[in-house]
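Visitor: Below are the structure tokens for one structure; questions will follow.
The values are calculated or read from the model by the stated rules, or taken from the named source; none is laboratory data. Computed from a predicted model, the values in this text were never measured in an experiment. A quick note on method: Cβ atoms are made from the backbone with ideal geometry, for glycine too, and the neighbour counts reach across all protein chains shown. Accessible surface areas use protein heavy atoms only, side chains included; no ligands, DNA or RNA. Shrake-Rupley method; radii C 1.70, N 1.55, O 1.52, S 1.80 Å.
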Amino acid sequence: MEATQETGNLTGIRQIILVLSGKGGVGKSTISTELALALRHSGKKVGILDVDLCGPSIPRMLKVQNKAVHQCDNGWVPVFVDQEQTISLMSVGFLLEKPDEAVVWRGPKKNALIKQFVSDVAWGNLDYLIVDTPPGTSDEHISTVEALRPYKPLGAILVTTPQAISVGDVRRELTFCKKTGLRVLGIVENMSGFVCPHCSECTNLFSKGGGEELARHAKVPFLGCVPLDPQLTKSLEEGQDFIQEFPKSPAFPAFISITQQILDGTSAQTS
Amino acid sequence: MEEVPQDCPGTSSTQAGKGASCQGCPNQRLCASGAGAAPDPAIEEIKEKMRTVKHKILVLSGKGGVGKSTFSAHLAHGLAEDESKQVALLDIDICGPSIPKMMGLEGEQVHQSGSGWSPVYVEENLGVMSVGFLLGSLDDAVIWRGPKKNGMIKQFLRDVDWGEIDYLIVDTPPGTSDEHLSIVQYLSAAHIDGAVIITTPQEVSLQDVRKEINFCHKVKLPIIGVVENMSGFICPKCKNESQIFPPTTGGAEVMCQDLKVSLLGKVPLDPQIGKSCDKGQSFLTEVPDSPATLAYRNIIQRIQDFCDIHSSKEEKLISC
């Protein structure tokens with residue numbers, strides 16, 4: 001029997017936000033992780049659902065790659081990232097016997113696991129559930145949106161890098177959102193400029209402005225630019241809390257601004 | 001392409017045609033009769049079609065955004081600089097087809113002829129095929145589940161009139177899923193020379209790339225080698241090097257040593273690469289003096305050498 005709005009593991013969740021991009025490698029998992037950390041620092045309880053079954057990045061980004069999931073009466077218990085249990089995470093990464101094991105599944109099998117991830121994880125009460133997705137507009141995306149539909153997700157954040165090649169794929173993702181009735185909370189332009197740590201010269205490694213231009217063209221909010229920041233990359237590699245450890249880093253203000261816009265948006269909705 | 005039910009167990013599953021989700025599917029009788037378990041006749045058809053293709057190279061990565069399409073496009077350009085060679089570039093990234101834009105072919109359409117679909121030509125000796133050419137507008141999204149994507153890939157291999165080709169390069173989406181299984185399956189009778197695997201230096205990429213290497217082993221796909229892309233950036237002002245994607249676990253070099261695969265080379269970050277791709281031009285000819293161009297050229301040579309050694313080995317086996 002399908003879970004309804006009134007019952008099921010998602011009923012204790014206030015807001016569900018998807019992080020999408022048509023393009024791979026633009027920073028969806030990075031944005032998902034940093035948004036979760038920043039929301040936690042704002043006093044919120046956050047869950048992350050990682051539905052990238054082939055390339056699950058989030059466990060490592062939060063230093064929980066060696067943890068395992070356990071079962072309870074309501075299903076799977078998500079992995080808690082911290083002792084205070086303010087961030088919880090579910091990912092296929094926790095189900096693999098070996099970390100390098102490849103999940104070589106066709107669509108139907110992926111769809112089955114995604115349905116389980118959506119309905120069978122005992123999240124408890126959360127202020128926000130962030131759903132990190134793989135690139136594209138295929139099985140994972142269709143299944144996730146369909147499974148989440150009864151719970152009325154708040155909407156999607158779309159991530160792009162500035163150059164036209166990325167923007168081209170994200171335009172298609174916007175079409176996906178339109179077709180599936182998913183509200184677009186806004187676009188983030190990631191890897192937007194690199195400030196040389198030696199001489200402070202800014203180089204636009206992946207061009208600049210494409211994300212902002214796309215937001216204008218598609219009439220959706222532009223949430224901001226996040227610069228390339230080696231401290232951020234290193235922090236993700238080592239599973240550190242970037243928001244806590246690197247408040248002076250170039251990417252920090254961007255994440256705080258994006259998070260604030262999400263908080264303002266959701267409090268406006270509930271008031 | 002018929003629509004398949006959402007919970008389709010797969011045509012070669014033991015439950016094919018018999019499961020609850022099979023009710024009402026137009027293929028139900030076919031599957032229940034066991035026809036799905038028989039090898040797909042397209043595999044033989046594709047084998048015949050591929051007789052005129054000397055070398056087949058897949059460009060893979062577990063990770064998105066590491067530069068597969070960029071590399072595929074420049075591998076194609078590099079090989080096609082020898083006008084005596086015929087090169088074909090097949091883009092099987094159905095949801096995110098980047099190749100048309102990168103090759104300066106955005107807006108082009110595919111034409112049908114008596115002998116099948118015609119590839120779109122960049123040069124006389126460089127033809128391209130992508131789902132991008134089948135879309136009406138830049139906003140059109142391909143929102144397909146696996147079976148429909150597989151059907152498209154089958155058509156690309158069976159119905160495109162490639163002609164006599166020296167190199168067929170196949171650009172893939174990130175991951176280890178339908179597209180990857182299908183390309184390996186459909187080319188199974190036709191012999192793939194090998195896969196070039198692209199990564200960036202940081203562990204977040206490498207952890208996905210190790211999975212891709214395991215996928216290659218699982219499906220017995222030879223690995224030509226690994227390319228480490230975005231490997232360091234030299235500031236144009238002060239000339240100091242920065243590691244934007246730091247190799248915290250030793251980068252591709254250590255991974256290749258551990259997994260005993262070849263490291264074909266490292267390509268540094270050059271902002272001109274992205275610009276060339278956005279403009280649909282070959283970076284190799286736009287910025288011939290860049291260290292990245294030199295790196296690409298060395299890697300392309302190593303791939304050619306691999307293919308040549310391979311084909312002479314094959315010829316020796318046949319003549320024995």
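Visitor: What number comes out for the charge environment of A:Leu205, summing +1 per Lys or Arg and -1 per Asp or Glu over other residues with Cβ under 15 Å away?
Guide: -3
Visitor: Take the solvent-accessible surface of the protein heavy atoms, probe 1.4 Å, and return the percent of it on the protein assembly as shown that carbon and sulfur atoms account for.
Guide: Here it works out to 49 percent.
Visitor: Give me P(r) over segment A:119-261, computed from all C-alpha to C-alpha distances, binned every 5 Å, as integer percentages.
Guide: For segment A:119-261, the binned pair fractions read 2, 9, 16, 19, 19, 17, 12, 5, 2, 1, 0 percent.
Visitor: Also, I was wondering about something else. Too long at a 20 Å Cα-Cα cut-off: which of A:Lys248/B:Lys266; A:Lys115/B:Lys154; A:Lys109/B:Lys149; B:Lys68/B:Lys275?
Guide: Result: A:Lys248/B:Lys266; A:Lys115/B:Lys154 exceed 20 Å.
Visitor: Using unit Cβ charges (K, R positive; D, E negative) and no other charged atoms, how large, in debye to the nearest 20, is the dipole of chain A about its Cα centre?
Guide: Computed about the Cα centre, the dipole is about 660 debye.
Visitor: For a quick protection proxy, order the peptides A:83-89, B:284-290 by their average other-Cβ count within 10 Å, most packed first.
Guide: A:83-89, B:284-290
Visitor: Moving on. Mind checking the dipole of chain B: about its Cα centre, +1 per Lys or Arg Cβ, -1 per Asp or Glu Cβ, Debye to the nearest 20?
Guide: Using Cβ point charges on Lys, Arg, Asp and Glu, chain B gives about 880 debye.
Visitor: Tell me, what ³J(HN,Hα) does each residue in segment A:240-257 have, in order and in whole Hz, if you take phi through Karplus 6.51 cos²θ - 1.76 cosθ + 1.60 with θ = phi - 60° and put x for Gly and Pro?
Guide: Ordered by residue, 3J(HN,Hα) equals 8, 8, 4, 5, 7, 7, 10, x, 9, 6, x, 7, 4, x, 5, 5, 5, 5 Hz.
Visitor: Lys and Arg at +1, Asp and Glu at -1: add these up for the other residues within a Cβ distance under 15 Å of B:Lys101 and post the number.
Guide: Neighbourhood net charge equals -3.
Visitor: Across peptide A:106-115, how many C-beta atoms of other chains are within 10 Å of each residue C-beta, on average?
Guide: Per residue, the average neighbour count from other chains is 6.
Visitor: Just to confirm a number: summing +1 for Lys and Arg and -1 for Asp and Glu over residues other than B:Val128 whose beta-carbon lies under 12 angstrom from that of B:Val128, what do you get?
Guide: Taking every other residue near B:Val128 into account, the sum is -4.
Visitor: Under a 1.4 Å probe, what is the accessible area of the protein assembly as shown per residue, stated in Å²?
Guide: Accessible area per residue: 41 Å².
Visitor: Run the simple label-point estimate for B:Gln109 and B:Val254 please: 7 Å along Cα→C-beta, distance reported in nm.
Guide: It works out to 5.4 nm between the two label points.
Visitor: Could you point to the residue in B:Leu168, B:Leu89, B:Thr248 farthest towards the positive end of chain B's charge dipole, with +1 and -1 charges on the Cβ of Lys/Arg and Asp/Glu respectively?
Guide: B:Thr248
Visitor: Mind pulling the angle between the C-alpha long axis of helix B:146-159 and the longest principal axis of chain B? Nearest 10 degrees, somewhere in 0 to 90.
Guide: 80 degrees
Visitor: I've got another one for you. For segment A:138-179, list whatever residues lose no less than 30 Å² of accessible surface once every protein chain is in place, relative to that chain by itself, with the probe at 1.4 Å.
Guide: A:Ser138, A:Asp139, A:Ile142, A:Glu146, A:Ala164, A:Ile165, A:Asp169, A:Arg171, A:Arg172, A:Thr175
Visitor: To the nearest 100 Å², how much accessible surface do chains A and B hide from each other in total, with a 1.4 Å probe?
Guide: 5000 Å²
Visitor: Compute the projected area of the convex hull of the Cα atoms of chain A, averaged over all viewing directions, and report it in nm² to one decimal place.
Guide: 14.4 nm²
Visitor: Quick check on segment B:99-140: what are the equivalent-ellipsoid semi-axes from the Cα gyration tensor, as sqrt(5λ), descending, whole Å?
Guide: After scaling each eigenvalue by five and taking roots: 17, 14, 6 Å.
Visitor: If I build a Gaussian network model for chain B, linking alpha-carbon pairs within less than 10 angstrom, which residue out of B:Gly114, B:Gly64, B:Gly163 has the largest mean-square fluctuation?
Guide: In this elastic network of chain B, the residue with the biggest mean-square fluctuation among B:Gly114, B:Gly64, B:Gly163 is B:Gly114.
Visitor: Provide the FRET efficiency to the nearest 0.05 for the A:Ser42-B:Glu164 pair, computing r from the beta carbons and using R0 = 56 Å.
Guide: 0.35
Visitor: Determine the shielding of peptide A:205-211 by partner chains: average, over its residues, the number of Cβ atoms on other chains within 10 angstrom of each Cβ.
Guide: For peptide A:205-211, the averaged partner shielding equals 3.
Visitor: Over the Cα atoms of the protein assembly as shown, what Rg and Dmax result, in angstrom?
Guide: Both quantities, over Cα of the protein assembly as shown: 23.4, 81 Å.
Visitor: Same structure again: Looking at segment B:42-76, which residues lose a minimum of 10 Å² of accessible area between their chain alone and all protein chains in place, measuring with a 1.4 Å probe and not counting ligands or nucleic acids?
Guide: Residues losing area: B:Lys63, B:Gly64, B:Gly65.
Visitor: Related question: Which entries in the list A:Lys67/B:Lys101; B:Lys47/B:Lys148; B:Lys47/B:Lys279 go over 31 Å, if you measure between the two C-alpha atoms of each?
Guide: Violating the 31 Å limit, Cα to Cα: A:Lys67/B:Lys101; B:Lys47/B:Lys279.
Visitor: Quick one: putting +1 on the C-beta of Lys and Arg, -1 on the C-beta of Asp and Glu, what dipole do you get for the protein assembly as shown around its Cα centre, in Debye to the nearest 20?
Guide: For the protein assembly as shown, the charge dipole is close to 840 debye.
Visitor: Then there is this: How far, in degrees from 0 to 90, does helix B:203-218 lean away from the longest principal axis of the Cα atoms of chain B, to the nearest 10?
Guide: 50 degrees
Visitor: Can I ask one more? Return the single residue from B:Glu212, B:Glu253, B:Glu123 with maximal mean-square fluctuation; model: Gaussian network over chain B, springs between Cα atoms under 10 Å.
Guide: B:Glu123
Visitor: Rank A:Gln15, A:Cys54, A:Val92 by how far each Cα sits towards the positive end of the charge dipole of segment A:1-141 (+1 on Lys, Arg Cβ; -1 on Asp, Glu Cβ) and give me just the farthest.
Guide: Farthest towards the positive pole: A:Cys54.
Visitor: Going by the alpha-carbon gyration tensor, a ≥ b ≥ c the square roots of its eigenvalues, is segment A:1-131 rounded (a/c under 1.5) or, if a/c is not under 1.5, prolate (a/b greater than b/c) versus oblate?
Guide: rounded
Visitor: Which of the three applies to segment B:47-319, rounded, prolate or oblate, going by the alpha-carbon gyration tensor with a ≥ b ≥ c and a/c under 1.5 meaning rounded?
Guide: Rounded is the answer for segment B:47-319, as its axis ratio a/c remains below 1.5.
Visitor: Could you work out [θ]222 nm for chain B from helices alone, using -39500 (n - 2.57) per DSSP H run of at least four and dividing by all its residues? Round to the nearest 500 deg cm²/dmol.
Guide: Taking each H run of at least 4 residues, the total per residue is -11500 deg cm²/dmol.
Visitor: Sticking with this one: Hey, if you put +1 on the Cβ of every Lys and Arg and -1 on every Asp and Glu Cβ in chain A, which of A:Ser235, A:Gln260, A:Gln83 ends up farthest toward the positive end of that dipole?
Guide: Of the listed residues, the answer is A:Gln260.
Visitor: Which loop-located trypsin sites (Lys or Arg not before Pro) does segment A:195-235 contain, where loop means any DSSP state but H, G, I, E or B and the Cβ has at most 11 other Cβ atoms within 10 Å?
Guide: Those satisfying the criteria are A:Lys219.
Visitor: Here's something else I'd like to know. Could you derive backbone 3J(HN,Hα) for segment A:125-142 from the dihedral phi with the Karplus parameters 6.51, -1.76 and 1.60 (θ = phi - 60°), listing whole Hz in sequence and x where the residue is Gly or Pro?
Guide: Once θ is set to phi - 60°, the couplings for segment A:125-142 become 8, 10, 7, 9, 10, 9, 10, 8, 10, x, x, x, 9, 10, 3, 4, 6, 4 Hz.
Visitor: Can I ask one more? Which Cys residues of chain A have no other Cys Cβ less than 4.7 Å away and so no disulfide-compatible partner by this rule?
Guide: A:Cys54, A:Cys72, A:Cys177, A:Cys202, A:Cys225
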